[in-house]
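Take a look at the structure below.
The values are calculated or read from the model by the stated rules, or taken from the named source; none is laboratory data. Since this is a predicted model, take the numbers as computed values, not measurements. All Cβ positions, even for glycine, are placed from backbone atoms using ideal geometry, and neighbour counts span all protein chains on display.
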Amino acid sequence: MTKEHQPEESAAIELFTAQLSKLSAIRQLDYTRPEFITWRDTVTDLFQRFLRPDSSHFVTFREIRFRGPGQIQPARRRPFSYRGPLPRSSGISQEYMNEFRKGCEIAEGCIQGAIETIRNFGVHRKGAERKGPQKDGDIQQNFHGPVTIHNQALATGKAIQSIGRMGDEGATLQEIALLLQQSMELKGREVQDGLRAVEEIASEIPKTPEKRNWKAVLDSGEKLLGIAGKATDLTAKLAPHLPQITLLVHQAKTALGL
């Protein structure tokens, strides 16, 4: 493993470890809970980003059946005239929960295997890929907020235009910029600050690592992650794109010796 690639591998291990630490709480849930769905999607994104698509750990994780053979028990129908106490819903069957927890145990092994693979062989680097038939620098402009947000979005679109053809970073920043404008939870100032952070990061990405303003990347990256965390109505949609920002923040801290 070369020293050049150590920060990215360290970040990948840190991200997988963070999801591994959430498993104790996830085990107490069931497959219908939004927290579990978000966790599963985030782990899937980490596998896709850092491991080969044919990795045995990734393949096993994809094939986990978190749903057991049990079914949600229907409530017993009672006479219309019944006035007695209502029983608590039995919810998901015990057989169902056993299968879910078994899936969580397998998932734990898959994540631990992914961490070990990255430690031994580093992260998998695929060719730059663009998602969807987007044109270079395109950014949707359906603005419903103040004119200042509109202007900031236009500036952000121009900033990421130069990296639109460079793969993951450009696609990630474009998607985050679009999602921030769609959130109903964020205030106008928060959207504007988020777009400004995207613009700042986008202006640094095309530079070589030694010429980047890592302090600006760190400040903007942490601000962007904080604002994205407030957009709770779009948590699931933002989740696949945030590991890339976390990676940039980690690289910035490493470059700054923090």
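Assorted remarks:
- Residue list for segment 178-199, restricted to those being of a type in the set (Asp, Glu) and surrounded by fewer than 20 Cβ atoms within 10 Å (Cβ to Cβ): Glu185, Glu190, Asp193
- Which numbered condition Gly257 misses (of (1) closer than 30 Å to Leu51 by Cβ; (2) buried (at least 16 other Cβ atoms within 10 Å of the Cβ); (3) free of Cβ contacts under 8 Å to residues at least 60 places away in the same chain): (2)
- Tallying residues that are hydroxyl-bearing (Ser, Thr, Tyr) and free of Cβ contacts under 8 Å to residues at least 12 places away in the same chain within segment 179-214 yields 1.
- Checked against (1) over 19 Å from Gly109 (Cβ atoms); (2) modelled with pLDDT under 85, Arg65 passes all but condition (1).
- A single member of Phe36, Phe50 is crowded, with 17+ Cβ neighbours inside 10 Å, within 17 Å of the chain's Cα centre (by Cα), closer than 15 Å to Gly113 by Cα and not polar (S, T, N, Q), and it is Phe50.
- In segment 204-216 there is at least one residue matching the filter, namely being part of a helix (DSSP H, G or I) and over 24 Å from Leu15 (Cα atoms).
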